[in-house]
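J.: A single structure is presented below for examination.
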Amino acid sequence: MRVKTISWTKSTANWVESPVIFNVEEYNGSLPTLVNNPNSWTKVANIIYIDAPIGTGYSYSKRLKSYATNDLRSSKEVYQFLIKWFADHPEFLSNSLYIGGDSYSGITVPVLTQEISNGIEVGNEPRFNLKGYLLGNPVTDRDFDDQAKVPYCHGVGLIPDELYELTKRSCNGKYVNPSNEQCAKCIDLVNESYGYLLSYYWQEDETVRRALHVHEV
């Protein structure tokens with residue numbers, strides 16, 4: 001079965017998959033507020049957000065051994081979840097299905113998509129209307145990704161020209177496994193990104209957790 005692959009970066013996607021986004025323009029240091037995202041895909045699609053593997057986000061297990069997982073096992077678990085979800089919500093089966101994810105999901109989403117495709121090929125029920133998968137800022141290969149991170153961060157304005165030029169000179173253009181102390185210090189500076197600071201603050205707030213009905217372990 002052939003499926004379509006789409007890839008994008010968060011900088012160009014403008015978080016189009018999210019129905020709400022943080023109000024960063026009026027942030028005053030308190031609990032971040034949310035505003036409607038006028039570009040959200042939820043206007044034209046039904047989206048299920050899954051925290052995977054176990055221990056990611058708000059997901060948890062009452063069995064300690066469940067946290068000992070790997071990419072293949074996690075993908076199979078998500079596949080089983082989707083089978084059960086569609087069995088309970090058959091009215092969505094005719095919809096085109098795209099599996100999406102970002103960051104480390106660049107490793108697991110293709111595996112999950114292949115699991116679904118294999119199930120369709122052997123006639124598993126319910127039968128998914130699989131069309132493809134989407135990846136945002138995907139992890140592919142650690143060495144390749146780390147090597148590309150520095151020029152990418154500079155290209156989208158996440159680090160200043162001065163830091164980029166210093167890092168490039170100190171590391172001689174090789175950013176994986178820093179070969180000297182100055183290079184290592186520069187890489188540490190590049191890695192100091194606070195893009196997720198507000199999300200960590202927001203998700204740990206008690207009012208947010210109650211609103212989302214997060215179960216305490």
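The values are calculated or read from the model by the stated rules, or taken from the named source; none is laboratory data. Values in this document were obtained by computation on a predicted structure and should not be read as measured data. Methodologically, a virtual Cβ is constructed for each residue, glycine included, from the backbone with ideal geometry; neighbour enumeration extends over all protein chains shown. Heavy atoms of the whole protein, side chains included, go into the accessibility calculation; ligands, DNA and RNA do not. Shrake-Rupley method; radii C 1.70, N 1.55, O 1.52, S 1.80 Å.
J.: Could you please let me know if L134 is in contact with an Asp or Glu (Cβ under 9 Å, 6 or more places away or on another chain) and not small (G, A, S)? Lay out the reasoning, then the answer.
T.: On the way: in contact with an Asp or Glu (Cβ under 9 Å, 6 or more places away or on another chain): yes; not small (G, A, S): yes.
Yes, satisfied.
J.: Checking the conditions here, which among I116, I107 is under 24 Å from G57 (Cα atoms) and at pLDDT 95 or above? Spell out the reasoning first.
T.: Values: I107 fails: at pLDDT 95 or above.
Being under 24 Å from G57 (Cα atoms) and at pLDDT 95 or above holds for just one of I116, I107, which is I116.
J.: Outside any loop (DSSP other than H, G, I, E, B) and over 17 Å from I48 (Cβ atoms): is that true of I99 in this structure?
T.: Judged against the criteria, I99 is not a match.
J.: Note down all Cβ pairs under 8 Å where the first residue falls in the stretch 146-175 and is at positive phi, the second is surrounded by fewer than 17 Cβ atoms within 10 Å (Cβ to Cβ), and they're at least six residues apart or on different chains.
T.: As it stands, the answer is N172/S179, since those pairs meet every condition given.
J.: In the set G157, G106, which member is small (G, A, S) and under 19 Å from the mean Cα position of the chain (by Cα)?
T.: Exactly one residue qualifies, and that residue is G106.
J.: When you look at G136, is it open to solvent by less than 30 Å² (accessible area, probe 1.4 Å) and touching a strand residue (DSSP E or B) at 6+ places or on another chain (Cβ under 6 Å), yes or no?
T.: Here the answer is yes, as G136 does meet what is asked.
J.: For the stretch 142-167: of the residues being open to solvent by less than 80 Å² (accessible area, probe 1.4 Å) and among the charged types (D, E, K, R), which is farthest from F81 (Cα to Cα)?
T.: Restricting to residues being open to solvent by less than 80 Å² (accessible area, probe 1.4 Å) and among the charged types (D, E, K, R), the top hit is E165.
J.: Mind checking which pairs have a first residue in the stretch 112-141 that is under 15 Å from N95 (Cα atoms) and a second that is assigned to a helix (DSSP H, G or I) and open to solvent by 50 Å² or more (accessible area, probe 1.4 Å), Cβ under 6 Å, 6 or more apart or different chains?
T.: Taking only residues 6 or more apart or on different chains, the pairs are P126/A87.
J.: If T207 satisfies all but one of (1) at pLDDT 85 or above; (2) among the β-branched types (V, I, T); (3) under 28 Å from G100 (Cβ atoms); (4) surrounded by fewer than 16 Cβ atoms within 10 Å (Cβ to Cβ), what's the number of the condition it fails?
T.: (3)
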